[in-house]
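*Asks:* What follows is a structure written as structure tokens; I'll ask about it next.
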Amino acid sequence: MPAEVPAPIANTARKPRRWRKRLIGLLILLGVGVWVAPVAVARTGLRNRIARDALADLRGTVEVGGASLGWFSSLELRDVVVKDA
């Protein structure tokens, strides 16, 4: 009778879960992006686009020279020019 071969023992050591690290990294990156979003809007041309979208009913144009935006500060628009059609 042939000798029985023992079944291989499963590796009980846990492998590192890479998806957790990736998920945590993605959440941190998303958090930083949300935190910086008001500054990005205030310092780029997005401030004009948002003002135009907010005043879509206006027959004319609107331009914002500068803006101060933040999560814990008030909204401040500077050098706002509204031109009638």
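Each reported figure results from applying straightforward, stated rules to the coordinates on display, with no laboratory input. This structure is a prediction, so every number in the text was calculated from the model and none was measured. Note that each Cβ is placed from the backbone with ideal geometry, even for glycine, and that neighbours are counted across all protein chains shown.
*Asks:* Among the numbered criteria (1) among the aliphatic types (A, V, I, L, M); (2) in contact (Cβ under 8 Å) with a residue 24 or more places away in the chain; (3) not in a helix (DSSP H, G or I), which one does Val41 miss?
*Replies:* (3)
*Asks:* Filter region 49-68 for residues that are assigned to a helix (DSSP H, G or I) and hydrophobic (A, V, I, L, M, F, W, C); which is surrounded by the most Cβ atoms within 10 Å (Cβ to Cβ)?
*Replies:* The extreme case among them is Ala51.
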